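The values are calculated or read from the model by the stated rules, or taken from the named source; none is laboratory data. None of the values given here were measured: they were computed from a predicted structure. Please note that ligands, DNA and RNA were not included when accessible areas were found on the heavy atoms of the full protein model with its side chains. Shrake-Rupley method; radii C 1.70, N 1.55, O 1.52, S 1.80 Å.
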Amino acid sequence: MAKQSLVGDFIAFIKHEKKWWMIPLLAILLAIGGLIVFAAKSGLGPFIYTLF
């Protein structure tokens, strides 16, 4: 039995269970997380935090 990665398991789950609505939700969560990480590591933090 081949070992799959977390991403491969998640894609297989979405295909098998037909939960296509999870893809945009995950993309939005990753984008917000990336924005928070970017804001914490740059000098633009105070300006980005005012958006929320």
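Given their separation in residues at 0.36 nm each and the Cα-Cα distance between them, I14 and A40 gain 6.2 nm when the chain is fully extended.
At a 1.4 Å probe radius, carbon and sulfur cover how many percent of the accessible area of segment 1-43?
75 percent
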